[in-house]
Structure formats: C-alpha cells, structure tokens
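Read the figures in this text as sums done on the coordinates, not as results from a lab. Only a predicted model underlies this, so the values are computations on that prediction, with no experimental measurement involved. Quick reminder, even Gly has a Cβ in these numbers, built from the backbone with ideal geometry, and neighbours come from all protein chains shown.
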Amino acid sequence: MTLSKEIAAHLLDIKAVYLQPDAPFTWASGIQSPIYTDNRITLSYPDTRTLIEDGFVEKIKESFPEVEVIAGTATAGIPHGAIIADRMNLPFAYIRSKPKDHGAGNQVEGRIVKGQKMVVIEDLISTGGSVLDAVRAAEREGADVLGVVAIFTYELPKATANFEQAGVKLVTLSNYSDLIKVAKVQGYINADGLTLLKKFKENQETWQD
C-alpha cells in the first residue's frame, strides 16, 4: 500500500474523514460537499500522527532538500509544523491568519531571516486560498517560500489553478482520489456513492445534478 492510501485508510478509520454522498455537508464557503475532513483529530492517535509526521519529513527531504525553516499555518498546521521542525532540527515559526491587532502587529511569529528558505505546513487543501495568504505573509517578512506540504487535498480544480497562478509548489501526503478508492474497497461507500464522489472532484458545483 502506498503512503497516500495508508494515510487515507487511517483517516477513515479514526473518523477524521466522513463521506456522505447522499446527505452532503455544507462547508464554511457554502459549498455542498459529500466529504468532511477534520485532520486535527489525527493528533489524538499516536500511530496515525507518527505516520503523518514521518511522511512529512520524507516528502520535505525529497521535494525541498534546501529547506532552512519550517512554518505552520494557524491553527491546524502549528502542531504538525512544530513536530516536523523538531524531527529535522530546523527553526520553527507560525503564520497567523491575519496580523495581531495589538503589540507589534505580527502575522508571522518566530524569527525569520531575510531570504531564509521556508516550507509551509498545512493540514488540508480545499481551494488553497488561506494557505496561499499565509505564503504571501511569510514572503512579506522576507522568507523565500519553497512550497507548501499538506496532509490531504480535495484535488479541486480551483486549488490547482490557485497554486499555479501563485507559482507555489504543493506537495501532499494523501489525496481525494486515493481516499475514495480506499473507502470503496473497505466498504465505507457503495458503487453509486463512488460515482457521486468522483463527480464532486471533477466539478463541486454540479456534482449533484
């Protein structure tokens, strides 16, 4: 089993991911979705957490060997980022969703040296908007952001377009395509559910039509 499918199996087993093609969830964006993901739950399961952190370290060494600092996005990327930085013996920082409204007004917490090569850690990619905002904030502070590494991506076309437009490399440990394959094999969904889930990946606006 590949790392992607192994992580997908863990996410399903610990109920970090729910699949409901017949009773969709409503995301904060208003999108009606057959999937809901809460990767914060992974922190409560040592075996899953270790699998994920080992995967992060492997992917970062493979894709961004010149990395000099790890940054986590607030809030879900912070614990994973801190663990990864410790494992790799690298400096750590975290990026707020917006600057503080008091004190120094920092958005990036930690010490960043101008030109320092950074990898940003995120837990979940939907459209990519929030993590790309974090990347821009880090770049304003002088970081040289090499790319983003995330646990899971819904593989939405909008996310692909957003990362391409921003010129930011995205690497993920697992993805929607592998997850729904694992879900079908393990009996979480039937053939009709799989068809609906595939349609959502292709176009989240018309998958229910």
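Short version: ³J(HN,Hα) in whole Hz for each residue of the stretch 182-190, in order, from phi by Karplus 6.51 cos²θ - 1.76 cosθ + 1.60 (θ = phi - 60°), x for Gly and Pro, what are they?
Here the 3J(HN,Hα) series is 4, 4, 5, 4, 8, x, 6, 9, 9 Hz.
For every other residue with a beta carbon closer than 11 angstrom to the beta carbon of Leu124, add +1 if it is Lys or Arg and -1 if Asp or Glu, then tell me the sum.
Result for the neighbourhood of Leu124: -2.
Measure out, as a whole number of angstrom, how far apart the alpha-carbon centroids of the stretch 37-110 and the stretch 139-209 sit.
That distance is 20 Å.
Please check: in the Gaussian network model of the chain (C-alpha springs, under 10 Å), which one of Ala137, Ala161, Ala28 has the largest mean-square fluctuation.
Of Ala137, Ala161, Ala28, the Gaussian network model singles out Ala28 as fluctuating most.
In degrees from 0 to 90, rounded to the nearest 10, what is the angle of the helix 3-13 Cα long axis to the longest principal axis of the chain?
Result, in degrees: 70.
So for the chain, averaging the separation of alpha carbon pairs under 8 Å that are six or more residues apart and normalising by length, what relative contact order in percent results? Don't skip to the answer; put the middle values down first.
Working: 365 pairs, mean separation 42.9, N = 209.
Relative contact order for the chain comes out at 21 percent.
Taking the 0 to 90 degree range and rounding to the nearest ten, how far is the long axis of helix 157-166 tilted relative to the main principal axis of the chain, both from C-alpha atoms?
Result, in degrees: 20.
So which lysines pass the test for Lys15, namely a Cα distance under 23 Å, with those fewer than 8 places away in the same chain ruled out?
Correct list for Lys15: Lys5, Lys181, Lys184, Lys198, Lys199, Lys201.
From the phi of every residue in the stretch 61-74, what ³J(HN,Hα) in whole Hz does the Karplus formula 6.51 cos²θ - 1.76 cosθ + 1.60 yield, where θ is phi - 60° and glycine or proline is x?
3J(HN,Hα) across the stretch 61-74, in whole Hz: 4, 6, 9, 9, x, 8, 4, 10, 8, 9, 10, x, 7, 7.
Using θ = phi - 60° and the Karplus curve 6.51 cos²θ - 1.76 cosθ + 1.60, what whole-Hz ³J(HN,Hα) does each residue of the stretch 40-54 get, with Gly and Pro shown as x?
Ordered by residue, 3J(HN,Hα) equals 4, 4, 4, 5, 8, 10, x, 5, 5, 4, 5, 4, 5, 5, 4 Hz.
If you take every residue apart from Lys5 with its C-beta less than 13 Å away from the C-beta of Lys5, what net charge results, scoring Lys and Arg +1 and Asp and Glu -1? Display every interim value, and only then the final one.
Working: positive: Lys181, Lys184; negative: Glu6, Asp13, Asp178.
Once positives and negatives cancel, what remains is -1.
Give me, ordered by chain and number, the residues 5 or more places off Gly147 or on other chains with an amide H under 5 Å from its own placed amide H.
Under 5 Å from the amide H of Gly147 lie the amide H atoms of Val120, each far enough along the sequence or on another chain.
Taking the Cβ of Val135 as the centre, find all other residues whose Cβ is under 14 Å away and add up their charges (Lys, Arg: +1; Asp, Glu: -1).
On the way: positive: Arg96, Lys117, Arg136, Arg140, Lys169; negative: Glu122, Asp133, Glu139, Glu141, Asp144, Glu164.
Neighbourhood net charge equals -1.
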